[in-house]
Every structure is written in C-alpha cells, then in structure tokens.
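Structure, as structure tokens:
The values are calculated or read from the model by the stated rules, or taken from the named source; none is laboratory data. All of these numbers come straight from a predicted model, not from anything done at the bench. Cβ placement follows ideal geometry from the backbone for every residue including glycine, while neighbour counts extend to all protein chains displayed. Each accessible area value is taken on the protein alone, full model and side chains, heavy atoms only, with ligands, DNA and RNA left out. Shrake-Rupley method; radii C 1.70, N 1.55, O 1.52, S 1.80 Å.
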Amino acid sequence: RRVHGDTLVFESRSMDGVIDDKYSHARVEANRLVVGNINTYMAIIFGCVAGVLNVSALMGVALFVVSVGAAMVMVHLKTKGDWRPYFQAYSPIFTDSLSSGLFTFVLFWTVFQNMAYVFS
C-alpha cells in the first residue's frame, strides 16, 4: 500500500513483487475517485482563470484541453509514471476526465466571466 496525500492507494502485487492480473474492484474505484477529484479541481481552477481573463471561443476550448493535460500530469506524478498497479487501463482515465470536467469547466468559466465583466 502506498500513501498519497490523504488517500491510500493500493497496489496489486504478489509476494515476489510481480503485479497480479487481478484487481480489486473497490481499489480501482477508489483510484478512479481520486482521479475524478483531481479532474474536478483542475476544471474549477482553469474555469475560474478563463472567466477572469475573459477568454472566449476557441481559446476557452484550448484552456480546457490544457486543464485536462494538467490533470493527466498530476495523475502521472502521483503514480510515479507507472499507472498499471492502480488502473486496469489508461484510456478510461483520460476519457472520463474529458466528459466529467467539461461541464464543470464551462460552469465556472461562465460564472466567473459574468461576475467579472457583466455584473461589474
């Protein structure tokens, strides 16, 4: 078991250190929850930045892509470059962040843009 911040992240390793093919569903879901939290926080931060800087149209989409990339860098750093002990596949981590983070990003983008430029 490894400790990352407040979260325990469990590996599936056998006695000789080889990664087992079997994953605990609860552990994989806990890891997905951690990744989901990272994606949400990054979408909130970058959405606020986009709103305050009055970013619009394609620059906003580019900023969202940067936020997803930053979240993936955070996951890469937390797993020390080896995602296999923590997840069954890497692609669902990326696609989940695209779908879940988009609405959060747009929400905070529009709220902060309205607060900074429409209501002032």
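Restricting attention to segment 77-100, report how many residues are acidic (D, E) and surrounded by 12 or more Cβ atoms within 10 Å (Cβ to Cβ). Residues flagged as acidic (D, E) and surrounded by 12 or more Cβ atoms within 10 Å (Cβ to Cβ) within segment 77-100 amount to 1. The residues in segment 80-91 that are touching a residue at least 24 places away in the same chain (Cβ under 8 Å) and out of contact with any helix residue (DSSP H, G or I) (no Cβ under 7 Å at 6 or more places or on another chain) can be counted, and the count is 2. For F103, are the conditions met, namely being open to solvent by less than 70 Å² (accessible area, probe 1.4 Å) and of a type in the set (F, W, Y)? So F103 fails the test.
Screening V68 against (1) open to solvent by 70 Å² or more (accessible area, probe 1.4 Å); (2) touching a Gly at 6+ places or on another chain (Cβ under 8 Å); (3) of a type in the set (A, V, I, L, M, F, W, C) leaves a single unmet condition, (1). For segment 47-54, the count of residues that are within 19 Å of W109 (Cα to Cα) and not in a helix (DSSP H, G or I) is at least one.
Could you tell me which of the residues M59, M74 is in contact with a helix residue (DSSP H, G or I) (Cβ under 6 Å, 6 or more places away or on another chain), on the phi < 0 side of the Ramachandran plot, open to solvent by 60 Å² or more (accessible area, probe 1.4 Å) and part of a helix (DSSP H, G or I)? Answer to the check: M74.
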